[in-house]
Structure formats: structure tokens, C-alpha cells
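First comes the structure, then the notes that go with it.
What follows draws every value from the coordinates through simple rules; no lab data is involved. Since the structure is predicted, the reported quantities are computational estimates derived from the model, not experimental observations. Reconstructed Cβ throughout: ideal geometry from the backbone, glycine too, with neighbour counts over all protein chains shown.
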Amino acid sequence: MQKLVIASGNAGKLREIRHLLEPLGIEVLPQSAFNITEIEEPHCTFVENALAKARHASKSSGLPALADDSGICVNALNGGPGVYSARYAGEPKSDERNNQKLVDVLRNQADRGAHYYCVMVLVRHADDPQPIIADGAWHGEITLEPRGEEGFGYDPYFFLPDLGKTGAQLPMEQKNRISHRGKALTRLVERIREETF
């Protein structure tokens, strides 16, 4: 496998995935290079959404495709916003409004524990009956004040007690080692190395 389409238009995700796949010598192309538009994510699970996105990108490009679905799952919200994380505050998508809504909802909550969760799905072709699936979780808590300039999404509010920092205060190299996406992609890379393409 020399080329791979990433079924995402999110610049932050693309940067992280490209960085982690570089050592395998795989050329990572965004779906925008093929004029592939984002599809609806109607499913209630991360894995179903990721699989739908990967199949769509592969069918449209004729190449293997990698998709992820990820979000933040908050204890006090019974795992929400979950698959709705990117659109938590409605359309159009806005990290700023999503974060403000989450902080407002959690302001008087004693338990602000949360974790990011990511599922990655790689299909060799659109009808691949054996997609490669890997997941990862990253545990922390929601802080009410943002910190840091790195990352994206909920990172400025995602506090890591063991490190005393938010996700937005970590350099990319460190974040890639410990984040939900980093863990899922590391597991996916292990699976790719085991498989024959």
C-alpha cells in the first residue's frame, strides 16, 4: 500500500495521521484531493460512522481509505456528546461554541471526568469484507478555563491531571504518543504491518 486516502477534511486530524503514517512510507492524501465531500454520520456508534466514511472515500477515489470517528465522552453526560462532539452546539461546526456549551453544562457538576475516544477503520477497497479496525481512549477531565494553543477541538479544556496540562499544552510529538488518536493509529499501524496488502 503506497497511497491512502484520509476520509476527513479536518486539518488537525490530517496533520496527526500524516505524521504517524510517515514512517511506513505511505503517501497520505486528503479526500479533498479527489473532490470527495464529507458524508453524513447518522450512526449512533463511532465504528459505524468511521466505516461509512472509509467506504465512501475508497469508492470515490479507487484507493484504500482510512477514516476515524472520534469524540469526547463525559461522565456527567452519560458518555455525551460522544459521536455528536463536532456538532455539539449545532451547525455550523464551531470548536469555540462546542467548548462554551460543554463548560456551561459542566459548571456545577462535581464529576467532570471525561475521555476522548477514537475508532480508526482502514478499508483496502470500498467493499472490503475485513476492514482493519483499531481504537484508543485518552482519559482526563474537563477544566472550566482554557489553557494552551496547540491541538484542536476540546483540547484546551481537556485537562490531564498526571501531566498538569491540557491537551492543547502538549507538543504534537507527545500528544501523538498518548492521545486517543495516537493510540488507535499505533494499533492500526501494528495491524497494517501484520497484513498483506
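Some notes on this structure:
- When the Gaussian network model of the chain links Cα atoms closer than 10 Å, the mean-square fluctuations of D69, D135, D95 top out at D95.
- Pairs exceeding a 19 Å alpha-carbon distance, out of K13/K53; K3/K59; K93/K165: K93/K165.
- Compactness of region 60-193 as Cα Rg over 2.2 N^0.38 Å, two decimals: 1.12
- Phi-based couplings in Hz for region 151-166 (Karplus 6.51, -1.76, 1.60; Gly and Pro marked x): x, 7, x, 8, 3, x, 10, 8, 8, 10, x, 4, 9, x, 9, 8
- With neighbours defined as other Cβ atoms within 10 Å of a residue's Cβ, the residues M120, M1 order from fewest to most as M1, M120.
- Among A110, A11, A134: highest mean-square fluctuation, GNM of the chain, C-alpha pairs under 10 Å: A110
- Counted residue by residue at 0.36 nm each, then reduced by the alpha carbon distance between them, the extension gain from K165 to H139 reaches 8.1 nm.
- Region 42-121: proportion of alpha-carbon pairs further apart than 21 angstrom, %: 37 percent
- Comparing P129, P42, L63 along the charge dipole axis of the chain, the residue lying farthest to the positive side is L63, per the Cβ-charge model.
- Translational diffusion of region 117-197, µm² s⁻¹ [Kirkwood Rh, Cα pairs; Stokes-Einstein; 20 °C; 1.002 mPa s]: 154 µm²/s
- Distant alpha-carbon pairs in region 104-143 (separation over 11 angstrom), percent: 71 percent
- For D68, D162, order by how many other beta-carbon atoms lie within 10 Å, fewest first: D162, D68
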